[in-house]
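One structure is given here, and the rest of the page talks about it.
The values are calculated or read from the model by the stated rules, or taken from the named source; none is laboratory data. Just so it is clear, the structure is predicted and the values come from calculations on it, not from any experiment. No Cβ is skipped: glycine too gets one built from the backbone with ideal geometry, and neighbour counts run over all protein chains shown. The area values use the complete protein model at the heavy-atom level, side chains included, leaving out ligands, DNA and RNA. Shrake-Rupley method; radii C 1.70, N 1.55, O 1.52, S 1.80 Å.
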Amino acid sequence: MKRSVPAGNADELFALALQADATGCKSLAYMICLQITAIEPSHPGVRRFLNHVRFDSRWMTFDEAVAKAETLLESGRLELLLGRLLPELMAQSDTTARRLAVGNLTGRAQIQSGQFAAAGKIYADMSAMAPAPACHKYAAMAELLTENPDGMYLLAEPYPGAAAILGQGGRHLVPGPVSLKDNLAMEASLHDKAAEAMAEAIKAITKAARNPQVFVAAQKAFDKADAIYPNISRSYRIELAAARAAELRGQAQLDLKAFNHAVEALGQTAMDAGAYHGMLVGLLTALEGIAAKLVQASEIIKPHAKEAGDLPGQIARDLSGLENIRSTLKAELHDK
Amino acid sequence: MINRYIIPAVLLIAAPVAITVAAESRSDKSVELIQKALALLESGNENAAQQAAMPAANAGGEQGARAWLIIATARYRLGELESAIEAYDLCRKTSSSKTIRDYAFDRALTVRKEIRTRLKPETGEIPQDAAKRLAKVEQVFHFASAPNIFVRARNPELARVIASRAQILLEKAWYGLGAEIKYPHQIRIFVHADRHEYAAAAPPSPDWSCATARVDNIDGKLIPRIDLTQLDENGQFDSRLLDRILPHELCHLAVSEYFGPDRCPLFLTEGLAMMAEKAGDPSRQILAGQSFMADDATGINDLVSQEMPLRKPELFYSLSYSLVEFLHSRMSSAQFKAFLNHIRTGCPFSHAVQRAMGISYEEGFIALLAETWKKHSMQQSALLQAVQQAVQSAGKPDKPDAGKP
């Protein structure tokens, strides 16, 4: 049923819109407010409700204003951006996602205008607000700007690395002092921060293969590093996964040896039917435990199956072999 | 009476605020200067970058140290090496940041080495009178030693020269690999007068061989050993001995110790040893480039995984040298050491290169690397052939290039 907007002055209509919103009729409330803007374009309550932003004598939607902000940033019109548009946008940011988007624009604008320390504070606030893993990147940027309040970063190696070794075209930075105003320099500095974030995890890969807690901690460290610089940890994740999967497979093989000893012992001891049944159940349980380790290994190596050589195939064959043993045991259990 | 206190009270309140505002203003000014200098440096205006950074440098403190770093970089890029070192030293002395101090220290060291290399280019040639003295073979053995070297030779001067030079070359190779501890053995170097004496004393080796390096296990103790030949087939002092053969064999021993037995891939063992030679042989690079042009080169994956040069050994060694030289030329010293360390810890070649260069791992990288290496090799080969032809047509005797140590 089509609803029509009742006539009336703007304030009364706005009150109606708020009522509609409060009762869950959000789209009706939105429609009423849009209608009000035709009667009274500058009604502040209505515009706030619609998340509209006023800039350059024009009202625009939040997303339009963000796009305008990007344009101003690219064209270097920072005073206008920082002095007028961004404060308006921030006032209208009613969700965490919007606050983060505006915060990021503000930070970038402040960096471009040389206000590095202020930008550092913005990113520190954002890292407290943002969920993981995004918070890690903001925290890294806050750290960089706090450590380098003059916006100068010391690059130790050429960046990007691929350009240096492959001689690719496009811009690259040589080692030495660079400005964080330069997007490529900021990218390079985040690369270094990401490398720092995963340094301890890299050293612990061998330990992580044997210790599930260290393994989880290493994965988290790699997640953090990848949040700061996408995919930086990939080679190490592959190594970690292969090492952990191989360790689990090794444990499964040891357990299987013990299992086989127990099976051999079965036929050598006299026992009544109940005891035999109990033994079979025990063996099946042990087999489930062995299979669980192999399944875990398989899950760990699955994302990196292409790079893991024959390990996924070996685990699959082990599981298939276990399945044959399980079928035999189950058949025996069923018969008895 | 109240009026007497108003002005001092106002001053007391205003003073801290004024000081803070002044400090912030100085700091803002300093940031502005640093940023201006960096922009000029990035755009290649090194002189202007120096001028822009100087007021901040003269202001002292941490900002001053950072400004000195910009000035040092600008001077280095202008080729003003001595004054670049001065600026790096000033940066190091005034900075409270360990990262900055360490960087400035390393840079000053690197630039000093660069100056020394430029002043004393290595020609790999031995003066005639020295060659005559070193060709003398006495009946008795003479001995000389250095901390990690023990030499036995039939020429006292040769024994001393080899001992001192071998120590320097060993340390260069050892620390160049990235080792952080001292080389733990004493290497025994036996210099045999000629091929007959060498063949009798050294392990079975091809006819063309005149030097070997090996590690003997004597009563459970590892004793590295090098056997060398003093004279060439013409009875003259072998001019390759000090600048090519000795560094080559020492590098083999350093690599063997650093990587552990059987853990360094063959292409890398041989590539590093050939790179250690002071006066490189351009024929290797020429052969490598020619094989690419003729589509006869071993693929990179096969090259890095070969344990023995089964097919065309000469080509294998040339390609090995070419690949290792290419990687070394494209990586910084720290990156190359990181690459070696990754290989040492069992990392596959493609992963090791990408990790060392800080590149996020991609399967397709190795194909791009192979293509870039191929182009590099062909260009080098063409250039070296052109140089050789030019030298030959000028009527001068052909000499090996200095090449990379």
Practice task
Relative to the longest principal axis of the C-alpha atoms of chain A, give the angle of the C-alpha long axis of helix A:62-74, reported between 0 and 90° and rounded to the nearest 10°.
Solution key: 90
Handout entry: Within straight-line cross-link reach of A:Lys207, lysines at Cα separation under 26 Å, skipping those fewer than 8 residues along the same chain
Key = A:Lys193, A:Lys220, A:Lys224, A:Lys257, A:Lys293, A:Lys302, A:Lys306, B:Lys337
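Kindly rank B:131-143, A:208-220 from highest to lowest mean number of other beta carbons found within 10 Å of each residue.
A:208-220, B:131-143
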Completion exercise
With a ≥ b ≥ c from the Cα gyration tensor eigenvalues, square-rooted, and the rule rounded for a/c under 1.5, otherwise prolate when a/b > b/c and oblate otherwise, region B:264-394 is prolate
Practice task
Rounding to the nearest 20 debye, state how big the charge dipole of chain A is about its Cα centre with +1 on each Lys and Arg Cβ and -1 on each Asp and Glu Cβ.
Solution key: 320
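Based solely on its DSSP helices, what 222 nm [θ] is calculated for chain B when runs of n ≥ 4 H residues each add -39,500 (n - 2.57) and the sum is averaged over all residues, nearest 500 deg cm²/dmol?
-20500 deg cm²/dmol
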Practice task
Provide the descending list of Cα extents for region B:123-261 along its principal axes, expressed in whole angstroms.
Solution key: 40, 32, 26
Completion exercise
quick shape note, chain B: Cα extents on principal axes in Å, largest first -> 113, 53, 51
Fill in the blank from the handout: For the pair B and A, the solvent-accessible area buried on both sides (1.4 Å probe; DNA, RNA and ligands excluded), in Å² to the nearest hundred, is 2900
Handout entry: In Hz, Karplus ³J(HN,Hα) per residue of region B:187-196 (6.51, -1.76, 1.60; θ = phi - 60°; x = Gly, Pro)
Key = 8, 9, 10, 10, 9, 8, 4, 8, 4, 5
Completion exercise
Total charge of the residues flanking B:Phe150 in space, meaning their Cβ is under 12 Å from its Cβ, with Lys and Arg +1 and Asp and Glu -1, is +3
Problem - Angle in degrees between helix A:26-39 and the longest Cα principal axis of chain A, rounded to the nearest 10 - result: 20
Problem - Average accessible surface area per residue within region B:9-118, 1.4 Å rolling probe, Å² - result: 55
Exercise for the section: Run the 1.4 Å probe and let me know the accessible area of B:Asp129, rounded to the nearest 10 Å². Expected result: 90
Handout entry: Gap separating the Cα centres of region A:119-183 and region B:58-129, nearest whole Å
Key = 25
Completion exercise
Over chain A, the sum of -39500 (n - 2.57) across DSSP H runs of at least four, divided by residue number and rounded to 500 deg cm²/dmol, gives at 222 nm -23000 deg cm²/dmol
Fill in the blank from the handout: Taking every other residue with Cβ under 9 Å from the Cβ of B:Ser95 and scoring Lys and Arg +1, Asp and Glu -1, one gets +4
Fill in the blank from the handout: In terms of the charge dipole of the protein assembly as shown, which places +1 on Lys and Arg and -1 on Asp and Glu at the beta carbon, the residue among B:Ala9, B:Ile226, B:Ser393 farthest towards the positive end is B:Ala9
Fill in the blank from the handout: Largest-first ranking of B:Ser332, B:Ser393 by accessible area, probe 1.4 Å, whole protein assembly kept, is B:Ser393, B:Ser332
Practice task
Could you work out the mean count of beta carbons from other protein chains within 10 Å of each residue's beta carbon in B:27-34?
Solution key: 4
Handout entry: Average beta carbon contacts from partner chains per residue of B:350-358, 10 Å cutoff
Key = 6
Exercise for the section: Report the charge-dipole magnitude of region B:264-394 in Debye, nearest 20, computed about the Cα centre from +1 at each Lys and Arg Cβ and -1 at each Asp and Glu Cβ. Expected result: 320
Practice task
Mind ranking A:225-238, A:263-276, A:290-303 by how tightly packed they are, going by the mean number of other C-beta atoms within 10 angstrom, highest first?
Solution key: A:225-238, A:290-303, A:263-276
Handout entry: Solvent-accessible area, 1.4 Å probe, carbon plus sulfur percent, for chain A
Key = 55
Handout entry: Shielding of A:227-240 by partner chains, average beta-carbon count, 10 Å
Key = 3
Practice task
Please name the residues of region A:106-150 whose accessible area, counted over protein heavy atoms with a 1.4 angstrom probe, falls by no less than 50 Å² between the chain alone and the full protein assembly.
Solution key: A:Asp150
Fill in the blank from the handout: In chain B, whole DSSP H helices that both stretch 27 Å or further along their axis by alpha carbon positions and average at least 0.0 on the Kyte-Doolittle scale are B:2-42, B:156-176, B:365-393
Practice task
Give the accessible area for B:Ile162 in Å² (nearest 10); use a 1.4 Å probe, count only protein heavy atoms, and leave out ligands, DNA and RNA.
Solution key: 0
Practice task
Can you tell me the 0 to 90 degree angle between the C-alpha axis of helix A:311-335 and the longest principal axis of chain A, rounded to 10?
Solution key: 60
Fill in the blank from the handout: For chain A the mean separation of alpha carbon contacts under 8 Å (6+ apart) over residue count, i.e. relative contact order in percent, is 8
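How would B:Lys312, B:Lys98 rank on accessible area, largest to smallest, probe 1.4 Å?
From most accessible down to least: B:Lys98, B:Lys312.
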Completion exercise
Taking A:324-334, B:173-183, B:45-55, A:176-186 and ranking on average Cβ neighbours within 10 Å, highest first, one gets A:176-186, B:45-55, B:173-183, A:324-334
Practice task
Heavy atoms only, probe 1.4 angstrom, no DNA, RNA or ligands counted: give me B:Tyr5, A:Tyr138 ranked by accessible area, highest first.
Solution key: B:Tyr5, A:Tyr138
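Would you work out the charge dipole size for chain B about its Cα centre, treating the Cβ of every Lys and Arg as +1 and the Cβ of every Asp and Glu as -1, and quote it to the nearest 20 debye?
Computed charge dipole of chain B: roughly 1260 debye.
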Exercise for the section: Would you mind counting up the charge near A:Ala292? Only other residues with Cβ under 12 Å from its Cβ, with Lys and Arg at +1 and Asp and Glu at -1. Expected result: -2
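For the protein assembly as shown, what is Rg from Cα atoms divided by 2.2 N^0.38 Å, rounded to two decimals?
1.32
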Exercise for the section: Just need log10 I(q)/I(0) for region B:18-177 at q = 0.16 Å⁻¹, Debye formula, equal scatterers on the alpha-carbon atoms, no solvent, rounded to two decimals. Expected result: -0.91
